[in-house]
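Enquirer: Let me give you the structure first, and then I'll get to my questions.
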Amino acid sequence: MTSQEHADHTRQAEITALRRQLGSRVTILGHHYQRDEVIVHADHRGDSLELSRLAAEATSPYIVFCGVYFMAETAAVLCQPDQVVVQPVREALCPMARMVDRPTLSEAWDQLAAMWDGDLLPITYQNATAEVKAFVGEHGGAVCTSSNAGALFRWALERKSHLLFVPDQHLGTNTALAMGIPLGRIGKWTLDMADDPSPLRDKQVVVWPGFCYVHAVMSPDDVRSARERYPSAQVIVHPECRKEVVQLADSSGSTAAIIKWVNAAQAGATFVIGTEVHLVRRLAQEHPDKTIVPLRDQQCEAMSRTTSEALRAALESIVAGRPEHVVTLDAETIAGARLALERMLEAH
Ligand code: 13P
Ligand code: SF4
């Protein structure tokens, strides 16, 4: 064993011991994109919807959230007021979640609401800050994730004729297209529309110009060359990929859906998977009887920031009675964001 392997092994054992010491006082939640060295310690793994439900149901005084900040914020909104959410690394920030802020959203909202006489609802992707979720909740809208976006789009369009979706233009466009809304009725908000939104007048769905850099670089050429290399492969991608990629793939779905498809396949099946590479590599390791390769070797830098050192430090801080990196939100933000999140959990 090298000295590095010895140190890694010791740290893993220390985390296990701390976890045991904390017992039912802590629930560790982990997103599927987390490093192996971290996810092995999670009490529950999930996609963003499952983790929201698990946070709402957790009864332990502490929830340690291994994921990105918007997910930990959601846990802090949905848990009980006396529960404490700890995020091991505060700087684990999803860049897409920072592509929309409340003042800019509010300006766009005012313009569109005036143009359509208030006949629109906002939907925010889970990948947004709590203050954006609060704005959406206060304006009658809801949160969605990649696994229930279609259901939430239908929920909104049953109530109003127009929908404003933030921040992921690709998930928004893919979801609207999958519902049969033609491309010509899907528009994209741009900052120059703050003075004149009229180019969007005939649209039914307006998407924000945000994107995920991990998925948006995956290209139709990646799909074509994967099919040449693996002619019998099923190509499955995350709906944060561009529509041209989703349209060429065999299926698209959330991280939990991707895992389900792989688990259900027969031995010998081949998958090319267009999502974050930690998950794809883990699936390949867990299914040695299947061929599983990434569509592109794309790592989410924010998700990778949570290391086993950071998890150990977080648990140590709880054992010491001085939890670090506690997620705190003001009461008004919690109330608004909770409305939007509860509408999601009730509608789906
Ligand atoms: P899932 O809800 O599919 O886990 O996606 C979260 C995410 O951030 C994907 O980039
Ligand atoms: Fe954000 Fe993309 Fe990372 Fe998901 S994969 S957390 S959307 S940067």
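Enquirer: Would you mind stating whether residue 302 is surrounded by 15 or more Cβ atoms within 10 Å (Cβ to Cβ) and touching a residue at least 40 places away in the same chain (Cβ under 8 Å)? Give the steps one after another, and end with the answer.
Expert: Working: surrounded by 15 or more Cβ atoms within 10 Å (Cβ to Cβ): yes; touching a residue at least 40 places away in the same chain (Cβ under 8 Å): yes.
Yes; evaluated as a whole, the condition is true for this residue.
Enquirer: Further question on the same structure: State all residues of the stretch 238-248 that are of a type outside the set (A, V, I, L, M), within 16 Å of ligand 2 (Cβ to nearest atom) and farther than 19 Å from residue 47 by Cβ; if no residue qualifies, say none. Lay out the reasoning, then the answer.
Expert: Looking only at the stretch 238-248, we keep the residues that are of a type outside the set (A, V, I, L, M), and these are 238-244, 247.
Then keep just the ones that are within 16 Å of ligand 2 (Cβ to nearest atom); that gives 238-242.
Selection gives 242 alone.
Enquirer: When the residues of the stretch 135-155 are filtered to those that are open to solvent by 10 Å² or more (accessible area, probe 1.4 Å) and within 17 Å of the chain's Cα centre (by Cα), which remaining residue is farthest from residue 53 (Cα to Cα)? Break it down into steps so the answer makes sense when it comes.
Expert: Taking the stretch 135-155 as the starting set, the residues that turn out to be open to solvent by 10 Å² or more (accessible area, probe 1.4 Å) are 138-140, 146-147, 150-151, 154-155.
Keeping just the survivors that are within 17 Å of the chain's Cα centre (by Cα) gives 146-147, 150-151.
On the way: 146: 15, 147: 13, 150: 18, 151: 17 Å.
So the residue we want is 150.
Enquirer: For the stretch 212-237, how many residues are among the acidic types (Asp, Glu) and either within 16 Å of ligand 2 (Cβ to nearest atom) or open to solvent by 30 Å² or more (accessible area, probe 1.4 Å) (or both)?
Expert: The qualifying residues number 2.
Enquirer: Applying the selection to the stretch 159-170, what residues are assigned to a strand (DSSP E or B) and open to solvent by 10 Å² or more (accessible area, probe 1.4 Å)?
Expert: The answer is 162, and nothing else.
Enquirer: While we're here: Given the residues 122, 88, which is the only one that is under 20 Å from residue 162 (Cα atoms) and away from ligand 1 (no atom under 16 Å from the Cβ)? Spell out the reasoning first.
Expert: On the way: 88 fails: under 20 Å from residue 162 (Cα atoms).
None of the other options fit; the residue is 122.
Residues are listed down the side, and each one gets a yes or a no for (1) touching a helix residue (DSSP H, G or I) at 6+ places or on another chain (Cβ under 6 Å); (2) assigned to a strand (DSSP E or B); (3) open to solvent by 20 Å² or more (accessible area, probe 1.4 Å); (4) farther than 22 Å from residue 341 by Cβ:
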site: 157; (1), (2), (3), (4): no, no, yes, no
site: 175; (1), (2), (3), (4): yes, no, no, no
site: 199; (1), (2), (3), (4): no, no, yes, yes
site: 202; (1), (2), (3), (4): no, no, yes, yes
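Enquirer: Would you confirm whether any residue within the stretch 178-195 is in contact with a Ser or Thr (Cβ under 9 Å, 6 or more places away or on another chain) and closer than 26 Å to residue 52 by Cα?
Expert: There is at least one residue in the stretch 178-195 that is in contact with a Ser or Thr (Cβ under 9 Å, 6 or more places away or on another chain) and closer than 26 Å to residue 52 by Cα.
Enquirer: Further question on the same structure: Output the residue which, of all residues in the stretch 181-197 that are open to solvent by 80 Å² or more (accessible area, probe 1.4 Å) and assigned to a helix (DSSP H, G or I), is nearest to residue 164 (Cα to Cα).
Expert: 185
Enquirer: One residue is enough: does the stretch 48-67 have a residue meeting the conditions out of contact with any helix residue (DSSP H, G or I) (no Cβ under 7 Å at 6 or more places or on another chain), of a type in the set (Asp, Glu) and modelled with pLDDT of 95 or more?
Expert: Yes, the stretch 48-67 contains a residue that is out of contact with any helix residue (DSSP H, G or I) (no Cβ under 7 Å at 6 or more places or on another chain), of a type in the set (Asp, Glu) and modelled with pLDDT of 95 or more.
Enquirer: So for the stretch 310-318 (the condition being buried (at least 23 other Cβ atoms within 10 Å of the Cβ), on the phi < 0 side of the Ramachandran plot and among the charged types (D, E, K, R)), does at least one residue qualify? Please lay out each step first, then the result.
Expert: Step one: list which residues in the stretch 310-318 are buried (at least 23 other Cβ atoms within 10 Å of the Cβ), which gives 311, 314-315.
Among the residues that remain, those that are also on the phi < 0 side of the Ramachandran plot are: 311, 314-315.
If we keep only those that are among the charged types (D, E, K, R) too, we end up with none.
Taking every residue of the stretch 310-318 in turn, none turns out to be buried (at least 23 other Cβ atoms within 10 Å of the Cβ), on the phi < 0 side of the Ramachandran plot and among the charged types (D, E, K, R).
Enquirer: I would also like to ask the following. Identify, by number, the condition in (1) at pLDDT below 95; (2) closer than 26 Å to residue 347 by Cα that residue 191 doesn't meet.
Expert: Evaluating residue 191 over (1) at pLDDT below 95; (2) closer than 26 Å to residue 347 by Cα leaves (2) as the failure.
Enquirer: Starting from residues that are open to solvent by 20 Å² or more (accessible area, probe 1.4 Å) and in contact with a Lys or Arg (Cβ under 7 Å, 6 or more places away or on another chain), keep the ones in the stretch 43-68 and report whichever is nearest to ligand 1 (Cβ to nearest atom).
Expert: This residue is 62.
Enquirer: Oh, and also: Starting from residues that are among the hydrophobic types (A, V, I, L, M, F, W, C) and over 22 Å from residue 212 (Cα atoms), keep the ones in the stretch 284-294 and report whichever is surrounded by the fewest Cβ atoms within 10 Å (Cβ to Cβ).
Expert: 284
Enquirer: If the Cβ limit is 9 Å and pairs must be 6+ apart or interchain, which residue in the stretch 5-23 that is in a helix (DSSP H, G or I) pairs with which residue that is loosely packed, with under 12 Cβ neighbours inside 10 Å?
Expert: Every condition considered, the pairs that remain are 9/1.
Enquirer: Counting just the residues of the stretch 249-275 that are under 25 Å from residue 303 (Cα atoms), assigned to a strand (DSSP E or B) and open to solvent by 10 Å² or more (accessible area, probe 1.4 Å), which one comes out farthest from ligand 2 (Cβ to nearest atom)?
Expert: 251
Enquirer: Of everything in the stretch 298-337 that's in contact with a Lys or Arg (Cβ under 9 Å, 6 or more places away or on another chain) and within 16 Å of ligand 1 (Cβ to nearest atom), which residue is farthest from residue 84 (Cα to Cα)?
Expert: Once the filter is applied, the top-ranked residue is 304.
The values are calculated or read from the model by the stated rules, or taken from the named source; none is laboratory data. The structure presented is a predicted model; accordingly, all values stated were derived computationally and were not measured. We place every Cβ from the backbone using ideal geometry, glycine too, and count neighbours over all the protein chains shown. Please note that ligands, DNA and RNA were not included when accessible areas were found on the heavy atoms of the full protein model with its side chains. Shrake-Rupley method; radii C 1.70, N 1.55, O 1.52, S 1.80 Å.
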